[in-house]
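Right, one structure below, let's go through it.
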Amino acid sequence: MNFKNILRVSMLFAAITLVSCGPSKSMEGDKMMNDEKTVMVGGAAMYPSKNIVENAVNSKDHTTLVAAVKAADLVSTLQGEGPFTVFAPTNAAFDKLPAGTVETLLKPENKSALQGVLTYHVVAGNYSAKNIIDAINMNNGAFTVTTVNGEKLTASLRGNKVIITDAKGGTSTVTIADVNQSNGVIHVVDTVLLPA
């Protein structure tokens, strides 16, 4: 073999070695994070590779919800495998409650009541907006689901908006749909849903 052939073989071997090694794990992670289809919520990108809690803590519109989840000791549950569908009320939704309601629910002695309200916003399973709308249409305009707290929510359509009706007849509108998570999906809602 002459020198040129040895050089070509060496260069080919080096190129194959570099390609087979691929990028470093951190480079792959950075690229994956940048390539993910994200939805902006509360001024922050929500990454489908992160779980519900990991994303929610970054939304400036959900600081009350995050504080409530922590006070109710539900962080580990919502970081679990799931899948979960969460109807996530914004800070403005909590502000609609009567004065003092949030502060009262956040007290340690009211932890059980707080858990009841929060788990009323969670459904086992991964229900995209399309799944919900299809179910509404297949069920004569209303789709009822059982929440993690055991009570029911009813979804319906008002124009092209998904409306969630709680046990007390209160309604909440989905304002941002299909915020995909590694363990489910979040639909942002404009009103806190209340169990019976």
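The values are calculated or read from the model by the stated rules, or taken from the named source; none is laboratory data. Quick caveat, the model's predicted, so the values are computed rather than measured. Please note: Cβ atoms are built from the backbone with ideal geometry, for glycine as well, and neighbour counts cover all protein chains shown. Ligands, DNA and RNA are stripped out before the accessible areas are found, and what is left, the full protein with its side chains, is counted by its heavy atoms. Shrake-Rupley method; radii C 1.70, N 1.55, O 1.52, S 1.80 Å.
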Pair list, Cβ < 9 Å and 6+ apart or interchain, from segment 161-183 residues that are aliphatic (A, V, I, L, M) to residues that are open to solvent by 50 Å² or more (accessible area, probe 1.4 Å) and assigned to a strand (DSSP E or B): 163/157; 163/171; 164/171; 167/152; 174/161; 176/40
Of all residues in segment 154-177 being buried (at least 19 other Cβ atoms within 10 Å of the Cβ) and in contact with a Ser or Thr (Cβ under 6 Å, 6 or more places away or on another chain), the one that is nearest to residue 61 (Cα to Cα): 172
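Just to be sure, is residue 126 touching a strand residue (DSSP E or B) at 6+ places or on another chain (Cβ under 6 Å), in contact (Cβ under 8 Å) with a residue 40 or more places away in the chain and either under 21 Å from residue 83 (Cα atoms) or not hydroxyl-bearing (Ser, Thr, Tyr) (or both)?
Numbers: touching a strand residue (DSSP E or B) at 6+ places or on another chain (Cβ under 6 Å): yes; in contact (Cβ under 8 Å) with a residue 40 or more places away in the chain: yes; either under 21 Å from residue 83 (Cα atoms) or not hydroxyl-bearing (Ser, Thr, Tyr) (or both): yes.
In short, yes.
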Hits in segment 39-70 - residues which are at pLDDT 90 or above, among the β-branched types (Val, Ile, Thr) and open to solvent by less than 50 Å² (accessible area, probe 1.4 Å): 41, 52, 53, 64, 66, 69
Any hit, segment 126-149, residues being open to solvent by less than 40 Å² (accessible area, probe 1.4 Å) and touching a Gly at 6+ places or on another chain (Cβ under 8 Å): no
When residues of segment 107-123 are limited to those that are open to solvent by 70 Å² or more (accessible area, probe 1.4 Å) and not basic (Lys, Arg), the one nearest to the chain's Cα centre (by Cα): 112
Odd one out for residue 179, checked against (1) assigned to a loop (DSSP other than H, G, I, E, B); (2) of a type in the set (A, V, I, L, M, F, W, C); (3) under 24 Å from residue 51 (Cβ atoms): (1)
Matching residues, segment 77-102, being closer than 11 Å to residue 184 by Cα and part of a helix (DSSP H, G or I): 78
Unmet criterion (only one of (1) open to solvent by 50 Å² or more (accessible area, probe 1.4 Å); (2) in contact with a helix residue (DSSP H, G or I) (Cβ under 6 Å, 6 or more places away or on another chain); (3) of a type outside the set (A, V, I, L, M, F, W, C)) for residue 181: (1)
Subset of segment 71-106 that is in contact with a helix residue (DSSP H, G or I) (Cβ under 9 Å, 6 or more places away or on another chain) and acidic (Asp, Glu) - its residue that is surrounded by the most Cβ atoms within 10 Å (Cβ to Cβ): 95
